[in-house]
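What follows is one structure encoded as structure tokens, with my remarks underneath.
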Amino acid sequence: MDQRSSSHVLIFPFPVQGHVNCMLRLAELLCHESSIHVTFLNSEFAHQRLLRYTDLHLRFSSYPNFYFRTISDGLPADHPRTGDRVVDLFNSINAVTKPRFREMLSSGSLQSSGRPPVTCIIADGIMCFAIDVGNELRIPTILFRTFSASCFWAFFCVPKLIESGDLPLNGESDMDKLLENVEGMENVLRLRDLPSFCRTTDLSDRGFLSVILATLRTTRANGLILNTFEDLEESALAQIRKHIPNLYTIGPLHAHLRARVSSSRGELPWRSSSSLWEEDRSCMAWLDEQPLKSVVYVSFGSMTVLTRNQFLEFWHGIVNSGKAFLWAIRPNSVIGDDNIPAELIEGTRKKGYMVGWAPQEEVLVHPAVGGFLTHSGWNSTLESICEGLPMICWPFYADQQVNSRLVGAVWKNGVDMKDTCDRITVEKMVKELMEVRRDEFTKCSNRMAKLARKAVTQHGSSYSNLDRLVEDLKKMKLQL
Ligand code: UDP
């Protein structure tokens, strides 16, 4: 076949767990649904961890047109790459990765070894410099924002929020004030529900500027991919479309991949993890011994950092609730000494199980799990929605403040405990979720799980949008 007549997509994620997870799922869907060549450009750091902790190479080896490539993220190996230091990653990617990315594409090194030239870049929306590189080299660029559409829309409205005086924050800002300038979400978002980067008194703040500018620049891309589905974020999507008509809503990607791959092969693909930490599977045997819907699963994701006080308040609250719990507590995610009170050790021995990193998708599917205490990361939120699990939300940063508000006030499939962290509240909310308001939350959660399933089955909105994306990518041939 003439290589120049084939399409070749370069997928370029922001190199942290949540972003890598969903962009890998997109890569696999493209490979599964077409003969398009796909190169996944991962950071060296993230890739080394994937090689160490997963069988991903084996899994992708069944796709002859798939390739992994790596690039430096510019940070030293011992940098923690946690949420509180994410601006370091923004800075190093800008200084180190960006010029290397440009060089990699312009030198043609990605088309060697029998691969056609790159005909489309699908870059993480936070790295919008990919649009400039694409324009310069005449390669169409589609951006993929891996967080919620509602968060994207809130960022998009920031210029209006500045105009109206809601931002920047000042000593007198009323965090409970309902915002009038996020069109379509007027009666939903309060100042405290804006993405964490907006919690600034300084408009020249590096983190704030990076995310706002990246969002506004999205209009210059050839399209936008979102890991969501139409029924989930209708209002925000209707607003985004007014500015970015070529929108591909193809989520929830993990369920979409599961639906397409298992329907064609009869296998369960979630066994192939893309974890950057070693999964402790012993928790699955522990779950097997627990009664139906009796366990609260607790996880704050890959980027959250807890103070020792927050950690202990959560732990006391969960133990005091008397409910069984499985807690995935990432190594080095708690700051401070590790002197644990005896009553917590005893309470955990009786009712709990702790691991460093869990096979989360499998955990959430397990029949013993009845609720999720989460930091409201977008992947975790979608994974919980798909399994019809109600949530207690304690957002840490980025889009999580918006996502937790959607859970508490729009979808009503759980409670939002943002900006509080004390054992009494934790205990009360765990009891509400697992017992007192269980029926009410379960009803809303089941309704949403059904809508999610519908979106990723044939003729569903996300299913059709993925087909359209594949067709569009096939049409993008090299413009010589
Ligand atoms: N995850 C996991 N095991 C854990 C904790 C998290 O497999 O113990 C996965 C989880 O299923 C999700 C991802 O890591 O896909 C975390 O992404 P999310 O967007 O929820 O949060 P982030 O880590 O980006 O804050």
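Kindly provide the set of residues from the stretch 432-443 that are surrounded by fewer than 19 Cβ atoms within 10 Å (Cβ to Cβ) and assigned to a helix (DSSP H, G or I), ordered by number.
Of everything in the stretch 432-443, those that are surrounded by fewer than 19 Cβ atoms within 10 Å (Cβ to Cβ) and assigned to a helix (DSSP H, G or I) turn out to be E435, V436, R438, D439, E440, T442, K443.
Restricting the stretch 220-235 to residues that are among the acidic types (D, E) and under 25 Å from L24 (Cα atoms), which is nearest to the chain's Cα centre (by Cα)?
At the first step, the residues of the stretch 220-235 found to be among the acidic types (D, E) are 230-231, 233-234.
Subset that is under 25 Å from L24 (Cα atoms): 230-231, 233.
Numbers: E230: 17, D231: 18, E233: 15 Å.
Only one residue tops the list, namely E233.
Tell me the residue from F147, F155 that is in contact (Cβ under 8 Å) with a residue 40 or more places away in the chain, aromatic (F, W, Y), over 24 Å from Y67 (Cβ atoms) and open to solvent by 20 Å² or more (accessible area, probe 1.4 Å), please.
Working: F155 fails: open to solvent by 20 Å² or more (accessible area, probe 1.4 Å).
Residue meeting the stated conditions: F147.
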Among the residues of the stretch 61-80, is any in a helix (DSSP H, G or I) and surrounded by fewer than 20 Cβ atoms within 10 Å (Cβ to Cβ)? no
As an exercise: evaluate T307 against (1) among the hydroxyl-bearing types (S, T, Y); (2) within 16 Å of the ligand (Cβ to nearest atom); (3) open to solvent by 10 Å² or more (accessible area, probe 1.4 Å); (4) in contact with a strand residue (DSSP E or B) (Cβ under 6 Å, 6 or more places away or on another chain) and give the number of the one condition it does not meet. (2)
Residues of the stretch 371-388 satisfying the condition of being away from the ligand (no atom under 11 Å from the Cβ) and either over 19 Å from R447 (Cβ atoms) or open to solvent by less than 10 Å² (accessible area, probe 1.4 Å) (or both): G371, L373, I385, G388
Tell me which of these W327 doesn't satisfy, since it passes every other one: (1) open to solvent by 10 Å² or more (accessible area, probe 1.4 Å); (2) part of a strand (DSSP E or B); (3) within 11 Å of the ligand (Cβ to nearest atom). (1)
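Rundown of residues vs (1) closer than 21 Å to P331 by Cβ; (2) within 13 Å of the ligand (Cβ to nearest atom), yes/no style:
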{"site": "P15", "(1), (2)": "yes, yes"}
{"site": "C22", "(1), (2)": "no, yes"}
{"site": "Q48", "(1), (2)": "yes, no"}
{"site": "R52", "(1), (2)": "yes, no"}
{"site": "L58", "(1), (2)": "no, no"}
{"site": "G74", "(1), (2)": "no, no"}
{"site": "V86", "(1), (2)": "yes, yes"}
What number of residues within the stretch 337-362 satisfy the criterion of being modelled with pLDDT of 95 or more, in a loop (DSSP other than H, G, I, E, B) and either away from the ligand (no atom under 16 Å from the Cβ) or surrounded by 16 or more Cβ atoms within 10 Å (Cβ to Cβ) (or both)? 3
Identify, by number, the condition in (1) outside any helix (DSSP H, G or I); (2) under 20 Å from K418 (Cα atoms) that F155 doesn't meet. (1)
Could you check D202 against (1) charged (D, E, K, R); (2) outside any loop (DSSP other than H, G, I, E, B); (3) more than 30 Å from Q458 (Cα to Cα) and say which number it fails? (2)
Residue identified as surrounded by fewer than 20 Cβ atoms within 10 Å (Cβ to Cβ), among the charged types (D, E, K, R) and under 26 Å from the mean Cα position of the chain (by Cα) among R190, R115: R190
Test of understanding: among R241, R206, R217, which residue is more than 20 Å from the chain's Cα centre (by Cα), open to solvent by 10 Å² or more (accessible area, probe 1.4 Å), closer than 22 Å to I131 by Cβ and at pLDDT below 95? R206
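The values are calculated or read from the model by the stated rules, or taken from the named source; none is laboratory data. All of these numbers come straight from a predicted model, not from anything done at the bench. Ideal geometry is used to build each Cβ from the backbone, glycine not excepted, and the neighbour counts take in all protein chains shown. Quick note on the areas: whole protein, heavy atoms, side chains included, nothing else; ligands and nucleic acids left out. Shrake-Rupley method; radii C 1.70, N 1.55, O 1.52, S 1.80 Å.
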